[in-house]
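First the structure, in the form of C-alpha coordinates, and then the observations on it.
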Amino acid sequence: MITFRSHERIDIPYRVKWLNNKNVNIFAVENPELKTTVAEQENWFNNYEEKLKLRQKKFFTILDDDKPIGFVGLSNIDLDKKEAGVFIMIGEDEYRGKGIGKQTLDFLLLYASKELGLNALTLEVNKQNEPAIHLYQSRGFKQTGDLGKELAMRLLW
(Lines give C-alpha, C1' and ligand atoms only; values in the text may rest on other atoms or scores of the structure.)
Protein backbone atom coordinates (compact mmCIF):
# COMPACT_ATOMS: atom_id res chain seq x y z
CA MET A 1 0.00 0.00 0.00
CA ILE A 2 1.37 3.39 -1.01
CA THR A 3 1.50 5.98 1.77
CA PHE A 4 3.36 9.22 2.44
CA ARG A 5 5.19 10.63 5.43
CA SER A 6 7.14 13.82 6.00
CA HIS A 7 10.63 13.70 4.51
CA GLU A 8 13.14 13.09 7.33
CA ARG A 9 16.88 13.16 7.85
CA ILE A 10 16.87 9.35 7.89
CA ASP A 11 15.96 9.55 4.18
CA ILE A 12 19.36 10.98 3.20
CA PRO A 13 20.87 7.59 2.20
CA TYR A 14 17.85 6.98 -0.05
CA ARG A 15 18.22 10.43 -1.61
CA VAL A 16 21.86 9.66 -2.41
CA LYS A 17 20.96 6.27 -3.89
CA TRP A 18 18.11 7.64 -6.02
CA LEU A 19 19.85 10.81 -7.17
CA ASN A 20 22.83 8.71 -8.28
CA ASN A 21 20.69 6.17 -10.16
CA LYS A 22 20.90 6.92 -13.90
CA ASN A 23 17.47 5.38 -14.48
CA VAL A 24 16.09 8.01 -12.11
CA ASN A 25 18.27 11.07 -12.52
CA ILE A 26 18.43 11.09 -16.32
CA PHE A 27 15.26 13.19 -16.29
CA ALA A 28 15.62 14.80 -12.87
CA VAL A 29 18.98 16.54 -12.62
CA GLU A 30 20.94 18.94 -14.79
CA ASN A 31 23.97 16.69 -15.20
CA PRO A 32 23.22 12.98 -14.57
CA GLU A 33 26.96 12.18 -14.69
CA LEU A 34 27.61 14.13 -11.49
CA LYS A 35 27.18 12.08 -8.34
CA THR A 36 25.82 13.43 -5.10
CA THR A 37 27.23 12.51 -1.70
CA VAL A 38 25.89 12.04 1.80
CA ALA A 39 27.57 15.32 2.80
CA GLU A 40 25.88 17.20 -0.04
CA GLN A 41 22.51 15.75 0.88
CA GLU A 42 23.05 16.59 4.55
CA ASN A 43 23.67 20.19 3.45
CA TRP A 44 20.55 20.02 1.30
CA PHE A 45 18.57 18.72 4.28
CA ASN A 46 19.85 21.52 6.54
CA ASN A 47 18.65 24.04 3.96
CA TYR A 48 15.38 22.15 3.59
CA GLU A 49 14.71 22.36 7.35
CA GLU A 50 15.12 26.14 7.21
CA LYS A 51 12.75 26.39 4.24
CA LEU A 52 10.31 24.07 6.02
CA LYS A 53 10.22 26.39 9.05
CA LEU A 54 9.47 29.30 6.73
CA ARG A 55 6.76 27.23 4.98
CA GLN A 56 8.62 27.60 1.67
CA LYS A 57 9.16 23.85 1.08
CA LYS A 58 7.42 20.64 2.06
CA PHE A 59 8.67 17.21 0.98
CA PHE A 60 7.27 13.75 1.60
CA THR A 61 8.79 10.29 1.36
CA ILE A 62 6.75 7.85 -0.73
CA LEU A 63 6.40 4.46 0.97
CA ASP A 64 5.28 1.03 -0.18
CA ASP A 65 4.19 -0.30 3.19
CA ASP A 66 7.27 0.77 5.19
CA LYS A 67 9.76 0.73 2.30
CA PRO A 68 10.86 4.17 1.01
CA ILE A 69 10.56 4.18 -2.78
CA GLY A 70 10.80 7.87 -3.68
CA PHE A 71 10.06 11.40 -2.68
CA VAL A 72 7.78 14.23 -3.70
CA GLY A 73 7.67 17.83 -2.74
CA LEU A 74 6.53 21.37 -3.03
CA SER A 75 9.20 24.02 -3.48
CA ASN A 76 9.07 27.78 -3.69
CA ILE A 77 5.79 27.78 -1.79
CA ASP A 78 4.28 31.26 -1.96
CA LEU A 79 1.30 31.43 0.36
CA ASP A 80 0.48 34.98 -0.75
CA LYS A 81 0.30 34.02 -4.44
CA LYS A 82 -1.13 30.62 -3.47
CA GLU A 83 1.29 28.66 -5.67
CA ALA A 84 4.26 26.31 -5.50
CA GLY A 85 6.53 24.19 -7.65
CA VAL A 86 6.17 20.39 -7.82
CA PHE A 87 8.81 17.67 -7.81
CA ILE A 88 8.28 13.88 -7.96
CA MET A 89 10.95 11.19 -7.97
CA ILE A 90 10.12 7.48 -7.97
CA GLY A 91 13.52 6.24 -6.83
CA GLU A 92 13.21 2.48 -7.00
CA ASP A 93 13.36 1.13 -10.56
CA GLU A 94 10.74 -1.59 -10.08
CA TYR A 95 8.11 0.95 -8.97
CA ARG A 96 8.03 3.11 -12.10
CA GLY A 97 5.22 2.50 -14.57
CA LYS A 98 2.89 1.13 -11.87
CA GLY A 99 0.63 4.15 -11.34
CA ILE A 100 2.45 5.38 -8.25
CA GLY A 101 3.13 8.74 -9.90
CA LYS A 102 -0.64 9.23 -10.26
CA GLN A 103 -1.26 8.35 -6.62
CA THR A 104 1.58 10.63 -5.59
CA LEU A 105 0.44 13.59 -7.66
CA ASP A 106 -3.14 13.17 -6.43
CA PHE A 107 -1.87 13.15 -2.82
CA LEU A 108 0.19 16.28 -3.47
CA LEU A 109 -2.69 18.12 -5.17
CA LEU A 110 -4.93 17.38 -2.20
CA TYR A 111 -2.26 18.47 0.29
CA ALA A 112 -1.50 21.66 -1.65
CA SER A 113 -5.15 22.69 -1.88
CA LYS A 114 -6.55 21.52 1.47
CA GLU A 115 -3.58 21.97 3.81
CA LEU A 116 -1.89 25.00 2.24
CA GLY A 117 -4.77 26.66 0.39
CA LEU A 118 -2.84 26.80 -2.88
CA ASN A 119 -4.58 27.14 -6.24
CA ALA A 120 -1.66 26.84 -8.68
CA LEU A 121 1.24 24.45 -9.17
CA THR A 122 4.13 24.75 -11.60
CA LEU A 123 6.80 22.34 -12.75
CA GLU A 124 9.49 21.73 -15.29
CA VAL A 125 9.70 18.34 -16.98
CA ASN A 126 12.27 16.89 -19.36
CA LYS A 127 10.79 16.72 -22.87
CA GLN A 128 11.97 13.12 -23.19
CA ASN A 129 10.10 12.05 -20.05
CA GLU A 130 6.91 11.21 -21.92
CA PRO A 131 5.29 9.21 -19.08
CA ALA A 132 5.64 12.19 -16.73
CA ILE A 133 4.31 14.64 -19.33
CA HIS A 134 1.31 12.38 -19.90
CA LEU A 135 0.73 12.13 -16.14
CA TYR A 136 0.81 15.90 -15.64
CA GLN A 137 -1.47 16.51 -18.62
CA SER A 138 -3.91 13.87 -17.33
CA ARG A 139 -4.21 15.88 -14.11
CA GLY A 140 -4.80 19.18 -15.92
CA PHE A 141 -1.33 20.69 -16.23
CA LYS A 142 -0.91 22.86 -19.34
CA GLN A 143 2.33 23.72 -21.09
CA THR A 144 3.33 27.33 -20.45
CA GLY A 145 6.77 27.42 -21.99
CA ASP A 146 9.59 25.65 -23.79
CA LEU A 147 12.87 25.78 -21.86
CA GLY A 148 15.03 23.87 -24.34
CA LYS A 149 15.40 20.42 -22.79
CA GLU A 150 12.37 20.97 -20.57
CA LEU A 151 8.76 22.07 -20.73
CA ALA A 152 7.27 24.47 -18.20
CA MET A 153 3.81 23.42 -17.07
CA ARG A 154 1.17 24.91 -14.78
CA LEU A 155 -2.05 23.77 -13.14
CA LEU A 156 -4.69 26.19 -11.92
CA TRP A 157 -7.79 25.23 -9.97
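The values are calculated or read from the model by the stated rules, or taken from the named source; none is laboratory data. Since the model is a prediction, treat every value here as computed from it, not as a measurement. All Cβ positions, glycine included, derive from the backbone under ideal geometry; neighbour counts span all protein chains shown. Accessible surface areas use protein heavy atoms only, side chains included; no ligands, DNA or RNA. Shrake-Rupley method; radii C 1.70, N 1.55, O 1.52, S 1.80 Å.
Non-local amide H neighbours of F59 (under 5 Å, H modeled in plane, Pro and chain starts lacking H): which ones?
H7, L74
Would you mind pulling out the separation of the Cα centroids of the range 59-84 and the range 88-131, in Å?
9
Treating each Cα of the range 1-81 as an identical point scatterer and ignoring solvent, apply the Debye formula and state log10 I(q)/I(0) at q = 0.16, 0.18 Å⁻¹.
Result of the Debye calculation: -0.66, -0.83.
Ignoring ligands, DNA and RNA, what accessible area per residue does the range 35-157 give at 1.4 Å, in Å²?
With the other protein chains kept in place, the range 35-157 gives 54 Å² per residue.
Among DSSP bridges having both ends in the range 1-89, what percentage is antiparallel? Round to the nearest 5.
Around 100 percent antiparallel, to the nearest 5.
With springs only between Cα atoms under 10 Å apart, run a GNM on the chain and tell me which of Y136, Y111, Y48 wobbles the most.
Y111
Could you put I88, I69 in order of accessible surface area, largest first, with the 1.4 Å probe and the full protein assembly present?
Ranking I88, I69 by accessible area, largest first, yields I88, I69.
Tell me which lysines have Cα within less than 18 Å of K149's Cα, excluding those fewer than 8 residues away on the same chain?
Of all the lysines, those that pass the test against K149 - Cα under 18 Å, at least 8 places apart if same chain - are K22, K127.
Among the trypsin sites (Lys or Arg not before Pro) within the range 22-122, which fall in a DSSP loop and have no more than 13 other Cβ atoms within 10 Å of their own Cβ?
Passing both the DSSP loop test and the Cβ count: K35, R55, K81, K98.
Can you return the lysines within cross-link range of K51? Criterion is Cα-Cα under 19 Å, with same-chain partners fewer than 8 residues away left out.
Partners found: K81, K82.
Could you tell me, in Å, what Rg and Dmax come out for the Cα atoms of the range 1-141?
14.5, 39
What does DSSP give for the range 71-134 in terms of the percent of beta bridges that are antiparallel, rounded to the nearest 5?
Counting only bridges with both partners in the range 71-134, antiparallel ones make up about 65 percent.
How much of the accessible area of the chain, in percent, comes from carbon and sulfur atoms when a 1.4 Å probe is used? Spell out each step's value before the answer.
Values: 4430 of 8770 Å².
Here carbon and sulfur together make up 51 percent of the probe-accessible area.
Got the relative contact order for the chain handy, in percent, Cα pairs under 8 Å and 6 or more residues apart?
Over the chain, the number comes to 19 percent.
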